[in-house]
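Working notes, beginning with the structure itself.
The values are calculated or read from the model by the stated rules, or taken from the named source; none is laboratory data. All values reported here derive from a predicted model rather than from experimental measurement. So basically every Cβ, Gly included, is an ideal-geometry build from the backbone, and we count neighbours across all protein chains shown.
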Amino acid sequence: MRIIRQALYLEVADRLRAMIDDHTLMPGAWIDEVALAASLGTSRTPLREALKVLAAEGLVRLEPRRGCFVNALTEQDLDEIFPLMALLEGRCAYEAARNVTQDDLDALEGLHADLARYAQAGDIDAYYETNYQIHEALQRLAGNRWLSGVVSDLRKVLRLSRHKSLKLPGRIHESCAEHMSVFSALKAHDPEGAEALMKTHVLRQRGALRALDRADPAPEPAGSADTADAPVLRNVLAAGVS
């Protein structure tokens, strides 16, 4: 059996998602396709195909005669997305509580132990990654491919948010306590409890982001291909993508 290599444009799309996630490509930034293709070592054809994939996911937008821009979530976007995510992630927790086995709980036990350790240490990056793994684990345990697809798409979009809610003082410990409560409901095979607790957890993330914006309002991201913006992105790309 031949091993079929992933299409080049899909590899480029993966790389672009990572660049958007780590803010190498900032929210609102104009994408210089020539410089970006050169930095990635590819032609513009797979790059343009990759940008179409990301546009369908809501990570970038293609504007006629202006080019491509990284999307930036507005406060209204966040207000609309988070309640929807609460419903969807709540349903994931509900179905996970019905399906979870002892082996699943043992695996989740380790993740939650890591989560508590990172919360105690105040290690936001490690906590964020473990938190992400827990949410994905519950998504898999739910075993609903339609639900999983919608949640995955929205989760990608939410990573565009300017802030991580965990930066709010005290939030990392609150988040950890919320996760432990959801985990207790899973161990009790309590679908309704797991669903309610997960909904609360997700909505409190939105509350933390709102509090961060009130405490430290960020400047509006660039939204057009102004000549002042283009050289900045070119300089970043010219330095190479790590």
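What do you reckon, is Glu129 surrounded by fewer than 16 Cβ atoms within 10 Å (Cβ to Cβ), out of contact with any His (no Cβ under 8 Å at 6 or more places or on another chain), touching a residue at least 60 places away in the same chain (Cβ under 8 Å) and assigned to a helix (DSSP H, G or I)? Considered against the rule, which asks whether it is surrounded by fewer than 16 Cβ atoms within 10 Å (Cβ to Cβ), out of contact with any His (no Cβ under 8 Å at 6 or more places or on another chain), touching a residue at least 60 places away in the same chain (Cβ under 8 Å) and assigned to a helix (DSSP H, G or I), Glu129 comes out as no.
Scanning segment 59-85 for residues that are at positive phi and surrounded by fewer than 16 Cβ atoms within 10 Å (Cβ to Cβ) yields a total of 1.
Every listed requirement among (1) in contact (Cβ under 8 Å) with a residue 60 or more places away in the chain; (2) crowded, with 17+ Cβ neighbours inside 10 Å; (3) more than 13 Å from Met180 (Cα to Cα) is met by Arg98 save one, (2). Counting the residues of segment 138-191 that are touching a Pro at 6+ places or on another chain (Cβ under 9 Å) and not in a helix (DSSP H, G or I) gives 3. Residues that are farther than 28 Å from Ala18 by Cβ, of a type in the set (Val, Ile, Thr) and at pLDDT 95 or above do occur in segment 185-200. Regarding segment 202-209, can at least one residue be identified that is in contact with a helix residue (DSSP H, G or I) (Cβ under 6 Å, 6 or more places away or on another chain), under 23 Å from Ala116 (Cβ atoms) and modelled with pLDDT of 95 or more? Yes. The residues on offer are Arg61, Arg66, Arg98, Arg15, and the sole one that is closer than 30 Å to His189 by Cα and among the basic types (Lys, Arg) is Arg98. Just give me the residues in segment 114-171 being within 24 Å of Gln102 (Cα to Cα) and among the polar types (S, T, N, Q), in sequence order. Those that are within 24 Å of Gln102 (Cα to Cα) and among the polar types (S, T, N, Q): Thr130, Asn131, Gln133, Gln139, Asn144, Ser148.
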